[in-house]
Every structure is written in structure tokens, then in C-alpha cells.
Amino acid sequence: MGIFGALQSAVSGLKAQSHAMENISGNIANSQTIGYKRIDTSFVDMIPDAPVKQQIAGAVSSYSRSMNTLRGDIQNAETETYMALNGNGFFVTEKADGSGGTFYTRRGDFDIDRNGYLVNGAGYRLTGLDMENGVVTGSVAQAVKIDNAFLPAKRSTTINYQLNLPQTPKTATYVSTTPGSELLKPWSYSGDVQGSPVAPKITGTPVAPTTIPAYGYGNIVTGSALASTLVGFGNTLDVNINGVPTTFTFDTTGLGGATDVDATGTVADMLADMQAQLQAVAGQGTAKVGIKDGRVFVQLAQGNTDPMSFTGTPAGLLGLSSVTSAVTTGNVTAANMPADLMGIHGQQLEITVGGVTRKYMLDATGTLTAGSGIVKVDATGTLKEMLDVIQADLRAYGGPGASGATAAWDPTGGLVVDFPGNYRSDVNIAGPAATTLGIAQSVAASTGTLSTVSAANSELFVKESISGGGITVYSQTGEPVNVQIRWAKVSDEAGIATWSMFYASDSAPGATNAWTKLADYTFDEGVLSGVAGGSGVTVSGTERLAISNLTVNGRSFGSLTMDHGLKGMTQFADNSGMASTTKFTQDGYGAGEFISVGVSDEGQVIASYTNGETRAVAQIITASFSNPNALKRGDGGTYTATTESGEPIINQSGEGIVGSSTEASNTDISEEFTKLIVTQQAYSANTKIVTAADEMLKQALSMIR
């Protein structure tokens with residue numbers, strides 16, 4: 001072809017570069033168009049058929065090459081309905097006039113039009129699948145339309161409640177030095193307590209004498225010493241009983257008469273012989289002579305009210321110069337009755353309060369030795385002195401239940417061992433001394449129970465409990481009511497703790513049921529081991545309460561479930577002494593007015609309402625293609641499928657959708673300017689070829705002339 005071929009190639013080059021220039025111009029023009037995908041130009045050489053040695057460069061042809069798979073920058077947007085795709089998919093849209101057809105676009109500047117449809121800046125409606133209650137219900141994609149009607153109220157049906165209760169609740173009544181002060185005291189709730197609260201009080205039978213005989217103490221002596229160190233041969237002691245004297249003559253040699261007191265042995269032997277002779281006196285069969293608390297002791301027969309006095313040679317023999325007068329019927333008290341008259345010398349007494357046992361050995365002579373773990377009680381004095389020792393020991397070492405214990409004697413009613421304020425610890429009194437004193441008994445303590453707390457006791461209840469938080473629940477009409485929860489610890493023994501959960505049921509003054517118990521919770525070493533429901537409450541394991549009729553201030557909210565979860569309720573130590581709520585939610589809400597709509601990162605269209613609720617109204621779908629660069633372009637950044645692109649692959653997961661964002665054009669201005677310069681130079685070069693070929697043709701024609 002020669003020169004004519006060169007002209008044709010140059011012309012094809014001009015056409016190809018013009019095509020490239022047109023694409024560059026369009027790319028630069030749409031550099032700010034949302035979702036725009038640039039078009040690059042590719043060139044194809046066109047070689048005429050010729051032998052290898054005669055092949056020529058040939059002409060050129062150009063074609064457009066789409067950059068649909070090249071994502072533009074994702075930019076934040078203030079409009080909540082704007083969205084972008086972080087992937088190779090396309091939004092599925094239709095024309096806003098409803099004329100039909102399916103169009104695919106990357107342009108995500110969707111906003112609500114006057115009809116409630118989501119329409120992008122190019123006028124195309126977004127399509128998706130309908131949703132209800134968070135579940136996709138639609139099967140065919142249709143234009144997403146936002147309904148701005150009120151959201152109806154929903155009645156609360158479930159409360160999810162999880163918390164940790166402190167091991168020691170620091171209530172307003174808690175005192176660190178007072179065991180049990182952190183516990184609820186049902187017996188204090190007059191008019192509300194159920195059952196019969198019992199603080200153990202053990203009353204013995206009247207076993208003590210009604211009169212006290214005269215008695216006297218003498219010198220301090222040693223029972224094992226020789227009697228001759230105390231008395232001499234022929235010494236006498238006159239015991240005057242009711243004006244009738246009895247003379248005792250002491251024999252230290254063994255040569256005296258049969259009626260003399262044998263003083264050849266020890267002091268103890270001598271006093272024993274003297275006791276035998278005194279008991280031989282009429283009416284003195286139970287008289288006592290011996291050593292008591294280290295001193296010589298003489299006491300007339302039990303029940304005898306005769307006066308007694310002593311004289312001796314030498315004067316003051318044995319030191320028995322002062323004698324206590326007898327006490328007649330009606331004047332006997334624990335303070336003037338010798339403890340040994342109860343017949344308890346050497347006997348043991350066991351008092352168990354709760355899990356604490358105290359053991360006592362009663363010593364009326366001061367000569368006994370108590371074994372390990374046994375407290376020796378001095379019973380050489382009066383009965384009151386003996387009881388005071390036992391009482392003090394119980395209060396100090398008998399455990400919380402015995403902190404206020406009292407031990408006293410009533411001449412008409414017998415011995416009384418009382419445990420005021422102890423409504424939690426059972427009491428058992430045993431042992432030979434308990435039998436002798438008539439107090440061998442067991443009495444079970446009982447706190448009573450509380451199912452409701454009246455307004456009159458509400459202040460006390462608040463002081464003896466801790467807050468468990470509050471939550472608002474809703475009626476069928478959307479009426480909100482705040483439900484307040486309080487927890488009261490009712491027992492704690494041997495690692496097993498029991499708590500009661502109450503809710504505020506009526507805040508009216510004078511209300512009968514200001515607080516109502518929902519359930520009792522038992523914890524074993526901090527782990528919930530059992531739940532017992534209150535009135536109208538059914539328990540499922542330890543995880544769920546079914547409340548038949550929740551009533552607050554006279555309003556009934558019907559049945560309601562309180563769900564704790566598998567391990568949602570615990571009782572572990574907490575220095576604050578307060579309950580720590582980890583979850584407290586409910587599923588109801590009041591009516592709400594539509595306020596806005598947005599798009600989640602899961603590709604769901606979310607409507608928001610004034611009641612704080614949100615609703616997923618549609619699931620946005622996306623389409624992908626096997627060859628997205630083969631899609632046919634349309635106005636407004638839309639594409640339609642072609643044979644080369646393949647059929648759309650629909651994705652309903654919302655994967656890759658980014659809410660409150662838009663995708664910028666993928667045009668790079670600097671790159672386009674570079675291509676512009678290159679294209680301009682190539683175009684200019686092709687014009688030079690045309691000019692040169694024209695000159696060559698002129699010269700060829702000149703040769704013919």
C-alpha cells in the first residue's frame with residue numbers, strides 16, 4: 001500500500017487517540033461523581049495479511065475497558081442512609097418512576113423521598129427483602145419503603161437479671177463487731193411476720209429447797225494435814241442448835257471415849273467423824289461438816305430452820321465464830337442460797353447454742369480438777385454466783401446465739417436459761433447437772449418468715465436489706481412502671497447462705513404489701529444451689545422464675561418471666577457490701593414515633609423511634625458478577641447485565657455494606673493528566689504522519705508532470 005497505507009494507519013491512530021481523549025475527558029468530568037468507575041482505553045494493532053518478510057506495522061483500533069472492579073475511596077457521610085460497598089458487589093435498584101427493569105450501581109447516596117422510598121442521587125430506588133422482628137420475611141426483592149407510622153407498645157414479658165450478692169451485706173443495721181447484724185430479723189416485723197418466732201428459753205422444774213439451813217465458815221485448813229496441828233487433846237466445841245447445845249470433844253491420842261471426835265488422823269478424817277456425830281443429832285440427818293473452798297464448813301440439815309452458834313475451848317476453836325442465819329420459806333433467793341444445796345457437786349453441764357458447745361464442771365468444794373475442754377465452775381458460793389459464771393462464759397464464748405444469754409433462778413419456777421434475741425440458733429442443755437437442775441431440754445429457735453412487708457415496717461426493711469437495682473417495665477398499653485428490687489440475707493450457717501428477693505409492690509402510705517417476696521435463694525460456698533418461689537411464683541431449676549401476676553401500685557402487668565441464666569446469680573465476697581448487677585434488661589417498650597432511619601454494617605435498614613427502640617425493616621441485597629467489567633453502562637452510574645458479564649449472583653447477607661458512607665470515584669486526576677499528555681503527543685505525532693504522507697504524494701505526482 002505504501003504511502004496510502006501510511007495515511008490510513010495515521011488516520012486510524014487519530015481516531016484511536018480521539019477515542020482515548022474522549023474517555024479521559026469523561027473520567028476527569030466524573031472525578032467527583034459518587035460511585036463512578038473510570039473507563040480506560042486499550043489499543044489493538046491491525047496487521048494486514050502478508051508474507052513474513054513483507055509484514056508491516058499496520059493500523060490501530062481502540063476500545064473502552066471498564067474499571068468496575070477497582071474500588072474508590074470510602075468516605076464518611078453525615079446522612080445515615082448513605083452507604084458504600086467494601087467489595088466487588090453492586091446495589092440492586094429500579095427506576096424511581098416504577099417503569100420496571102433492574103439496574104446495578106455502586107452509587108450509595110440513598111435518601112428518603114416523599115413517598116418513603118430510598119432513592120439515590122441519580123434517581124434509582126434501592127431494593128431489598130422485607131424484615132419483621134429481626135427476621136427476613138420477604139423472598140422477592142422490592143423497593144425499600146420506610147413506614148413512618150407509630151411503633152406500637154409491647155408489654156414486658158421477660159426480665160433478664162444477673163448479679164453478685166456480697167458475702168456480708170453492709171446494711172444500715174450492720175455492725176462489724178456484732179455477728180448476725182447484717183441479717184434480716186423477721187421477728188421484728190410486727191403484723192407482717194409469719195409463723196411463730198422463737199427465742200429459746202429453758203425453764204427448769206422447781207428442784208431447789210424452799211428453806212436454807214444455817215451455816216458457817218471457819219479457819220482455812222489443809223485436809224491432808226494432821227488433825228493434831230489444828231486441835232489438842234480434850235479441846236471441845238459446843239454446837240448450839242435452837243438453844244440445845246451439843247458438845248464435841250476432840251481426841252488426838254485414841255484414848256478417848258466412843259463419843260469423842262477422832263482427831264488422830266488428818267483434818268479431813270476428823271471433820272468427817274464430826275459430821276457423822278452431828279448427823280446423829282435429832283433432825284440433822286443431812287447436816288454437813290467438812291472443807292469447802294479451803295475452809296472448815298458446817299451446815300445444818302437441809303430444810304432445818306433452827307438457829308446455830310458455836311463456842312469452844314479454847315475460844316474460837318476452828319474459827320467458827322460467825323454463822324449465817326437460816327432463811328425461811330418465801331425469802332430464799334439465788335443470792336442467799338448455797339449452790340451445793342442443789343446437789344450438783346462434781347456434775348457436768350453441757351449447753352449447745354447453734355453449733356457451739358460449752359462444757360462445765362460444777363465444783364461445790366473447790367477441790368475438783370476439770371478435764372480438757374471443760375470449764376470448772378466455782379459452786380462454793382451462792383447459786384447466783386455460780387449462775388453468773390456460766391452466764392458470763394456463754395456470752396463470751398457461746399457463739400452469736402448466746403451473746404445475750406441469761407441464767408437465773410426463780411424460787412417458784414426453778415432455773416431459767418434464756419437466750420433473748422436469738423431466733424436463729426437452736427439450744428440444747430444436757431448432762432447430769434442439767435437433769436439435777438431440771439433443765440435437760442432442747443428448744444428449736446425460729447425466726448418466722450416474711451412474704452410481704454407493710455408500709456409501717458418499710459423503713460426497717462430498707463435498713464436491713466440492700467438494693468438490687470431497678471428497671472422499667474411496660475404494660476400492654478405502653479404504660480411504664482419502675483420495679484425496684486431489694487435483697488435481704490436471712491441466714492448464714494456453715495457456708496450455706498439464704499437470701500430473699502423482694503420487689504416494691506405498693507408505695508402508697510399505709511399499704512399492706514409495700515414489699516412482696518419473689519423467691520428465696522440458697523447459696524453453697526457462693527454458688528446458687530436452690531431457689532424457692534414465693535406466692536404465685538413458679539421456679540424452673542435455678543435459672544428462671546415465672547411470676548403469675550406482677551402488680552405495682554395496684555396495676556397488674558400479668559405474667560412475667562425473670563431469667564437469671566445458667567450462672568447469673570452468685571454470692572462472693574465484695575468489700576463494698578453491695579449487690580453488683582451485671583445484667584438487668586427487659587423486652588417491653590412504650591409506643592414510639594418514627595424519627596430516623598439508618599443502615600447497619602450488616603446491610604439492614606434500621607428505623608429508629610422516640611422510645612429508643614430500633615427496628616430492622618429491610619435487608620439490603622447486593623449482586624455480583626463473574627465478569628463485572630462486562631456490564632453495560634447506563635446513566636446515573638447504573639449497569640445492566642450482559643451475556644459477557646453473566647447472570648447476577650444475589651447476596652442477602654449484607655456483607656461489605658458500610659453505613660453512613662459513600663464510595664468516591666476511582667478516577668485519579670494525576671493519572672488522567674498523565675494519560676492526557678501522552679494521548680495529546682500521540683495525536684500530534686499522527687498528524688505529522690498525515691502531513692508527511694501528503695508531501696510525499698505531491699512529489700510523486702510532480703514526477704508525472
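Read the figures in this text as sums done on the coordinates, not as results from a lab. Remember, it's a predicted structure, so these values are computed and weren't measured experimentally. Cβ coordinates were reconstructed from backbone atoms using ideal geometry, including for glycine residues, and neighbour counts include every protein chain displayed.
Please report ILE621, ILE146 as a ranked list, fewest other C-beta atoms within 10 angstrom at the top and most at the bottom. Please list the in-between numbers first.
Working: ILE621 24, ILE146 19.
Fewest-to-most Cβ neighbours within 10 Å comes out as ILE146, ILE621.
Where the eigenvalues come from the Cα gyration tensor of the chain, what are the semi-axes √(5λ) of the equivalent ellipsoid, largest first, in whole Å?
On the way: eigenvalues 2708, 179, 49 Å².
For the chain, the ellipsoid semi-axes come out as 116, 30, 16 Å.
What residues qualify as long-range amide H neighbours of GLY469, i.e. H under 5 Å apart, gap of 5 or more or another chain, H built at 1.01 Å from N?
The list, which skips near neighbours in sequence, is ILE485.
Using θ = phi - 60° and the Karplus form 6.51 cos²θ - 1.76 cosθ + 1.60, what ³J(HN,Hα) does each residue of region 600-610 get, whole Hz, x for Gly and Pro?
Taking θ as phi minus 60°, the curve returns 7, 6, 8, x, 9, 7, 10, 8, 10, 10, 5 Hz for region 600-610.
Pop the C-beta distance of ALA370 and SER556 into the FRET formula with R0 = 51 Å and round what comes out to the nearest 0.05. Walk me through the numbers on the way to the answer.
Details: r = 66 Å, r/R0 = 1.30.
Efficiency computed from Cβ-Cβ geometry: 0.15.
What length, rounded to one decimal in nm, is gained on full extension from ALA591 through to LYS463, with 0.36 nm per residue of separation minus their alpha-carbon distance?
Working: separation 128, 0.36 × 128 = 46.08 nm, distance 3.74 nm.
Roughly 42.3 nm would be gained on extension.
So how much slack lies between THR328 and LEU701, counting 0.36 nm per residue of separation and subtracting their Cα-Cα distance, in nm? Intermediate results must be reported in sequence, preceding the final value.
Numbers: separation 373, 0.36 × 373 = 134.28 nm, distance 17.24 nm.
So the chain would gain 117.0 nm between THR328 and LEU701.
Divide, for region 215-324, the radius of gyration over alpha carbons by 2.2 N^0.38 Å, where N is the residue count.
Numbers: Rg = 12.7 Å, N = 110, 2.2 N^0.38 = 13.1 Å.
Taking N as the residue count of region 215-324, the ratio is 0.97.
Using the count of nearby Cβ atoms within 10 Å as a rough guide to exposure, how do GLU593, GLU663, GLU543 rank from fewest to most?
Numbers: GLU593 11, GLU663 24, GLU543 16.
Going from least to most buried by this count: GLU593, GLU543, GLU663.
Mind sorting LYS154, LYS567, LYS675, LYS489 by how few other Cβ atoms lie within 10 Å of their own Cβ, fewest first?
On the way: LYS154 16, LYS567 11, LYS675 19, LYS489 25.
Placing the least packed residue first, the sequence is LYS567, LYS154, LYS675, LYS489.
For GLY257, what charge total do you get from the other residues with a beta carbon under 15 Å from its beta carbon, if Lys and Arg give +1 and Asp and Glu give -1?
Taking every other residue near GLY257 into account, the sum is -4.
Starting from the Cα gyration tensor of region 336-446, take the square roots of the eigenvalues, sort them a ≥ b ≥ c, and report rounded, prolate or oblate (rounded when a/c is under 1.5, otherwise prolate if a/b is larger than b/c, else oblate). Can you show the working numbers first?
Details: a/c = 1.82, a/b = 1.41, b/c = 1.29.
Taking the square roots of the gyration eigenvalues as a ≥ b ≥ c, region 336-446 is prolate.
Count the DSSP beta bridges whose two residues both fall in region 215-324, then state the antiparallel fraction as a percent rounded to the nearest 5. Spell out each step's value before the answer.
Working: 24 of 26 bridges.
Around 90 percent of the beta bridges assigned by DSSP in region 215-324 are antiparallel ones.
May I ask you to evaluate 6.51 cos²θ - 1.76 cosθ + 1.60, the Karplus curve with θ = phi - 60°, for each residue of region 538-549 and list the ³J(HN,Hα) values in order in whole Hz, giving x for glycine and proline?
9, 10, 10, x, 10, 10, 8, 10, 9, 8, 5, 7
Once amide H atoms are built 1.01 Å from N in the peptide plane, which residues 5 or more positions from TYR36, or in another chain, come under 5 Å H to H?
SER665, ASN666
How far is it, in nm, from the label point at ARG395 to the one at PHE572 when both lie 7 Å from their Cα along the line to the Cβ?
With each label placed 7 Å out from Cα toward Cβ, I get 4.1 nm.
Can you work out D for region 471-627 in µm² s⁻¹ from Stokes-Einstein, where Rh is the Kirkwood radius over C-alpha pairs, the temperature is 4 °C and the viscosity is 1.567 mPa s? Don't jump to the answer; show the numbers that get you there.
Numbers: Rh = 18.8 Å.
The diffusion coefficient I find is 69 µm²/s.
Can you give the net charge of the other residues whose Cβ lies under 11 Å from the Cβ of THR662, counting K and R as +1 and D and E as -1? Each step should come with its number before you reach the end.
Details: positive: ARG106, ARG107; negative: ASP73, GLU78, ASP109, GLU663.
So the environment of THR662 carries a net charge of -2.
Could you list the GluC sites (Glu not before Pro) in region 434-531 that lie in coil according to DSSP, counting only those with at most 14 other Cβ atoms within 10 Å of their Cβ? Don't jump to the answer; show the numbers that get you there.
Values: sites: GLU459, GLU464, GLU493, GLU525; in loops: GLU464, GLU525.
Qualifying residues, ordered by number: GLU525.
With θ taken as phi - 60° and the coefficients 6.51, -1.76 and 1.60, list the Karplus ³J(HN,Hα) couplings across region 367-372 in order, rounded to whole Hz; mark glycine and proline as x.
The phi angles translate into 10, 8, 10, 7, x, 4 Hz.
Taking amide H positions as placed 1.01 Å from N in the peptide plane, with prolines and chain starts having none, which residues 5 or more places from TYR117, or on another chain, fall under 5 Å of its amide H?
Residues meeting the amide H criterion: ILE146.
So for the chain: antiparallel DSSP bridges make up what percent, rounded to the nearest 5?
Numbers: 150 of 163 bridges.
Expressed as a percentage, antiparallel bridges in the chain total about 90.
Taking only Cα atoms, what is the 0 to 90° angle, nearest 10, from helix 383-397's long axis to the longest principal axis of the chain?
Its long axis makes an angle of about 20 degrees.
Go ahead and collect, in residue order, the members of region 207-238 whose backbone nitrogen is under 17 Å from a label point 7 Å along the Cα-Cβ direction of ALA315.
236-238
Count the net charge of all other residues whose Cβ sits under 11 Å from the Cβ of ILE466, scoring Lys and Arg as +1 and Asp and Glu as -1. Write down the numbers at each step before the final one.
On the way: positive: LYS170, LYS463, ARG486, LYS489; negative: GLU182, GLU464, ASP574.
With Lys, Arg at +1 and Asp, Glu at -1, the neighbours total +1.
Report the relative contact order of the chain, percent, no decimals, based on alpha-carbon pairs under 8 angstrom and at least 6 residues apart.
Working: 1714 pairs, mean separation 151.9, N = 705.
Relative contact order of the chain: 22 percent.
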